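Trainee: If you scroll down you'll find the structure; I have some questions about it.
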Amino acid sequence: MKKNDWKERLGIIYSTNPGYQYDTGEEEAETETLQKEKQLLRISLDKRNRGGKLVTLISGFRGTSTELEALGKWLKVKCGVGGSVKEGEIIIQGDLRNRVLEILKKEGYLKSRII
């Protein structure tokens, strides 16, 4: 039975070529996750577009989105604060740069640094 995917194809112009294969572009290959020792994580402080509130940003993670989500969740639990993972960055509420750096170094992310 064929899947009805007409909603995914709205706004698409069709070809009259009988050999044409529709590509949704959803199958993006995620990069392979680097080892912890080779990850270059950058920790910074940000308050732009956040109503003046400070957040700690962790960027530079090279790997799959599921592993990034897991690292973000683990950091939030270790710090005891809220946050999220968006657009390849981990957002931790508050100014916790030094604490996050210590936690990451203990876990094995040796190349982590504060910028």
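Trainee: For the stretch 52-78, what are the residues that are over 17 Å from LEU41 (Cα atoms), of a type in the set (A, V, I, L, M, F, W, C) and in contact with a strand residue (DSSP E or B) (Cβ under 9 Å, 6 or more places away or on another chain)?
Mentor: If the condition is that a residue be over 17 Å from LEU41 (Cα atoms), of a type in the set (A, V, I, L, M, F, W, C) and in contact with a strand residue (DSSP E or B) (Cβ under 9 Å, 6 or more places away or on another chain), then LEU54 is the only one that fits.
Trainee: Residues ARG48, ARG62: which one is assigned to a loop (DSSP other than H, G, I, E, B) and without any contact (Cβ under 8 Å) to a residue 12 or more places away in the chain?
Mentor: ARG48
Trainee: Against the conditions (1) of a type in the set (Lys, Arg); (2) at pLDDT 90 or above; (3) under 17 Å from ILE115 (Cα atoms); (4) in contact with a Leu (Cβ under 9 Å, 6 or more places away or on another chain), where does ARG99 fall short? Just the number, please.
Mentor: For ARG99, the failing item is (4).
Trainee: Hey, among LEU104, LEU57, which residue is surrounded by 14 or more Cβ atoms within 10 Å (Cβ to Cβ) and in contact with an Asp or Glu (Cβ under 7 Å, 6 or more places away or on another chain)?
Mentor: LEU57
Trainee: Taking the stretch 65-114 only, how many residues are under 25 Å from GLU32 (Cβ atoms) and either touching a residue at least 60 places away in the same chain (Cβ under 8 Å) or in contact with a Cys (Cβ under 9 Å, 6 or more places away or on another chain) (or both)?
Mentor: Residues that pass the stated criteria total 10.
The values are calculated or read from the model by the stated rules, or taken from the named source; none is laboratory data. All of these numbers come straight from a predicted model, not from anything done at the bench. When we count neighbours, we look across all protein chains shown, and the Cβ atoms used for this are built from the backbone with ideal geometry, even at glycine.
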